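Peer 1: Mind having a look at this structure? Questions to follow.
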Amino acid sequence: MADVINVSVNLEAFSQAISAIQALRSSVSRVFDCLKDGMRNKETLEGREKAFIAHFQDNLHSVNRDLNELERLSNLVGKPSENHPLHNSGLLSLDPVQDKTPLYSQLLQAYKWSNKLQYHAGLASGLLNQQSLKRSANQMGVSAKRRPKAQPTTLVLPPQYVDDVISRIDRMFPEMSIHLSRPNGASAMLLVTLGKVLKVIVVMRSLFIDRTIVKGYHENVYTEDGKLDIWSKSNYQVFQKVTDHATTALLHYQLPQMPDVVVRSFMTWLRSYIKLFQAPCQRCGKFLQDGLPPTWRDFRTLEAFHDTCRQ
């Protein structure tokens, strides 16, 4: 992963500036040599003074000329861009032996990973706070004597309402079929078939989506006893990637006051995978990268991106 830092430096002017510095140093050295040597090689005092002054003035003019040239070149050289992702450590990318000391690329990878971790941790924290899962020792002691904790509203909706919401969503997307079942009582399980591309197992508690597993269209989604297999991963890396992105989407689409909108938004996002193997990446324009199609779909625009191109 080699990210290029934008360095707006005129290399030709930079080389000329180095030469100008060397010329300026030589001019200054000649000035001090002139002062050191003093008045020589003339018989009369007046002749020595005139020769010394003329020689000294020529050296000073040379210093002034070289200094002006250096100032002119310094304006042409420019300066490195200040938009380094890692501030001053971004200058490490200028190391010409990057292959031998890939320190900057490793720092940049760690920086992106920590940013992504912080983003997902924030989403998870917001979700847990909304579901009232945070407790403390004091709260546990006091709440036991007070009223019982109210159940989240998303978990106590009647099954008839859940069936009606899923039925409306099923009619919204002709290319998507949704089969609802309740093998374990009131909790619903959905088998979503998206064209001939993929199948998705959605585990729900009322209208709260608890878990999703994405598999290929021709993969088996049932266990030996005929129940939906909610634990086995897909055998294909592309659908494992889509499963990870679907889990991220569950954290993104959160609106406890309107759970039907959450489910409909998630299904709309899931429907964008109808062209999983046909849509090119919106950033690099390629259909395949490292042998995989663009598996990421933007939550707002639903555009396709490779996992490494979406940053």
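The values are calculated or read from the model by the stated rules, or taken from the named source; none is laboratory data. Owing to the predicted nature of the structure, the values given are computational and were not obtained by experimental measurement. All Cβ positions, glycine included, derive from the backbone under ideal geometry; neighbour counts span all protein chains shown. Accessible surface areas use protein heavy atoms only, side chains included; no ligands, DNA or RNA. Shrake-Rupley method; radii C 1.70, N 1.55, O 1.52, S 1.80 Å.
Peer 1: Quote the relative contact order of the range 159-274 in percent (integer), defining contacts as alpha-carbon pairs under 8 Å separated by 6+ residues.
Peer 2: Across the range 159-274, relative contact order equals 19 percent.
Peer 1: Also: Ignoring any ligand, DNA or RNA, what whole percent of the accessible area of the range 159-274 comes from carbon and sulfur when the probe is 1.4 angstrom? Walk me through the numbers before you get to the answer.
Peer 2: Details: 2890 of 5680 Å².
Whole-percent figure for carbon plus sulfur exposure: 51.
Peer 1: Note down the magnitude of the dipole of the range 159-274 about its Cα centre, charges +1 on Lys and Arg C-beta and -1 on Asp and Glu C-beta and zero elsewhere, to the nearest 20 debye.
Peer 2: Dipole magnitude for the range 159-274 comes out near 200 debye.
Peer 1: With a 1.4 Å probe and every protein chain left in place, tell me how much accessible area Y236 has, in Å² to the nearest 10.
Peer 2: Roll a 1.4 Å probe over it and Y236 shows about 120 Å².
Peer 1: For the pair T268 and L251, how long in nm is the line joining their label points, each one 7 Å along Cα→Cβ?
Peer 2: Each label point is offset 7 Å from its Cα along the Cβ direction, giving 2.3 nm.
Peer 1: Next question. Please give the FRET efficiency for Y236 paired with Q130, using the beta carbon to beta carbon distance and R0 = 35 Å, rounded to the nearest 0.05.
Peer 2: The value I calculate is 0.55.
Peer 1: A follow-up question, please. Which order do peptides 260-268, 226-234 fall in by mean Cβ count within 10 Å, highest first?
Peer 2: Put in order of decreasing packing, that is 260-268, 226-234.
Peer 1: Here is a further query. Give the accessible surface of the range 180-311 per residue, rounded to a whole number of Å², with probe radius 1.4 Å and ligands, DNA and RNA excluded.
Peer 2: 51 Å²
Peer 1: Accessible area, 1.4 Å probe, largest first: how do W113, W269, W296 sort?
Peer 2: Correct descending sequence by accessible area is W113, W296, W269.
Peer 1: Between R300 and E12, how high is the FRET efficiency from 1/(1 + (r/R0)^6) when r is the Cβ-Cβ distance and R₀ = 51 Å? Nearest 0.05.
Peer 2: Working: r = 44 Å, r/R0 = 0.87.
Efficiency at R0 = 51 Å is approximately 0.70.
Peer 1: If you take the beta carbon distance between N68 and Y161 as r and set R0 to 51 Å, what does 1/(1 + (r/R0)^6) give as a FRET efficiency, to the nearest 0.05?
Peer 2: Values: r = 82 Å, r/R0 = 1.61.
My answer for the efficiency is 0.05.
Peer 1: Kindly rank 243-254, 207-218, 10-21 from highest to lowest mean number of other beta carbons found within 10 Å of each residue.
Peer 2: Going by the mean number of other Cβ atoms within 10 Å, highest first, we get 207-218, 243-254, 10-21.
Peer 1: A follow-up question, please. Around Y217, with a cut-off of 13 angstrom between Cβ atoms, what is the net charge of the other residues, counting Lys and Arg +1 and Asp and Glu -1?
Peer 2: Counting the neighbours of Y217, the net charge comes to +1.
Peer 1: Roughly how many Å² of I53 are accessible to a 1.4 Å probe, to the nearest 10?
Peer 2: 90 Å²
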